[in-house]
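Right, one structure below, let's go through it.
The values are calculated or read from the model by the stated rules, or taken from the named source; none is laboratory data. Fair warning: this is a prediction, and the values are worked out from it, not measured in the lab. Note that each Cβ is placed from the backbone with ideal geometry, even for glycine, and that neighbours are counted across all protein chains shown.
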Amino acid sequence: MKRKEIATVVSQEQIASDVYSMWIQTEQIAEEAKPGQFISLYCADKSRLLPRPISLCEIDRGKGRVRLVYRVVGKGTDEFSRLRAGDTVEILGPLGNGFPLEEARGKRVLLMGGGIGIPPMLETAKQLDAEKMIVSGYRDELFLTEDFAEAGELYLAVEHPGEGVICTEGNVLDAVRENELEADVIFACGPTPMLRAIKSYALEKEIPCWISMEEKMACGIGACLACVCQSKEIDGHSHVHNKRICKDGPVFLSTEVEL
């Protein structure tokens, strides 16, 4: 059940250029949240009416906290980056459907994240009861690598690697091919070009693949239809429908949506 509340910031730190990690205290959301879901944060500046959706990076039910790792891309996220321990922020969540962990239990799973699509794969990896191969794709600067290394077997793909970085130079699929990784299931989150390539790879290899779609959202609850995508449902005929990424997703079976 989604709920709106005033949450307290536990801590915040900058972990890369324009990338911040914030823990917030929210017992009910932490209790109910699932990997792959997100919450919406509201700005204190009321001139910015629409909330900002941010994926859940970690869920600590024992302490009633969730972790958000996000990139500053505008005035709203810049406001959030200035919050400190003890500050409060209005939130709504948990939102979306999350990854279907039961579909991957006991199997070999590729978890692929690219850019700011990397953070939601962390809690997914932590809760997944499977053989986990984690492939994280970066443009240049790394973040969360130590956290992922503790959650599974980690492979790095970096477009412009720095000196001494052990990685595949390129994208996540380059890393999959270079390391000859084979999987029964794929979970992925990242920008649309990356997801489009992963969908094609999964179809070629006949691997079930679930993707978490990044999209600008307005209301976050499916009321405004600002984040629709086209989907195909096969029921004897092929029908094209519009689905709301915030409410029907953000996680979809890759063959269900048009990219």
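Can you find even one residue in segment 189-203 that is closer than 16 Å to Gly36 by Cα, in contact with a strand residue (DSSP E or B) (Cβ under 8 Å, 6 or more places away or on another chain) and part of a helix (DSSP H, G or I)?
The initial filter retains those residues of segment 189-203 that are closer than 16 Å to Gly36 by Cα, namely 189-191, 195.
Narrowing further to those that are in contact with a strand residue (DSSP E or B) (Cβ under 8 Å, 6 or more places away or on another chain): 189-191, 195.
Next, only the ones that are part of a helix (DSSP H, G or I) stay: 195.
There is at least one residue in segment 189-203 that is closer than 16 Å to Gly36 by Cα, in contact with a strand residue (DSSP E or B) (Cβ under 8 Å, 6 or more places away or on another chain) and part of a helix (DSSP H, G or I).
Of everything in segment 41-51, what is surrounded by fewer than 23 Cβ atoms within 10 Å (Cβ to Cβ) and under 16 Å from Ala7 (Cβ atoms)? Give them in sequence order. Working first, answer last.
First, pick out the residues of segment 41-51 that are surrounded by fewer than 23 Cβ atoms within 10 Å (Cβ to Cβ): 42-50.
Correct list: Tyr42, Cys43, Ala44.
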State whether one or more residues within segment 164-176 are in contact with a Leu (Cβ under 8 Å, 6 or more places away or on another chain), touching a residue at least 24 places away in the same chain (Cβ under 8 Å), in the same structural domain as Ile116 (by TED's automatic domain parsing) and closer than 23 Å to Ile54 by Cα.
-> no
Part of a strand (DSSP E or B) and without any contact (Cβ under 8 Å) to a residue 24 or more places away in the chain, is that true of Glu5?
-> no
Is one or more of the residues making up segment 118-125 over 21 Å from Leu253 (Cα atoms) and β-branched (Val, Ile, Thr)?
-> no
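Go over the candidates Arg139, Arg108 one by one and state the one that is farther than 30 Å from Glu32 by Cβ and basic (Lys, Arg). Step through it out loud before you land on a result.
On the way: Arg108 fails: farther than 30 Å from Glu32 by Cβ.
Of the residues listed, the single one that is farther than 30 Å from Glu32 by Cβ and basic (Lys, Arg) is Arg139.
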Filter segment 32-72 down to residues that are under 22 Å from Asp248 (Cα atoms) and in a loop (DSSP other than H, G, I, E, B), then give me how many there are.
-> 7
How many residues are under 16 Å from the mean Cα position of the chain (by Cα) and either closer than 18 Å to Phe187 by Cβ or surrounded by fewer than 14 Cβ atoms within 10 Å (Cβ to Cβ) (or both) when one looks only at segment 140-155?
-> 4
Only residues that are in a loop (DSSP other than H, G, I, E, B), farther than 20 Å from Arg61 by Cβ and either hydroxyl-bearing (Ser, Thr, Tyr) or under 18 Å from the mean Cα position of the chain (by Cα) (or both): list them for segment 73-120, please.
-> Val73, Ile118
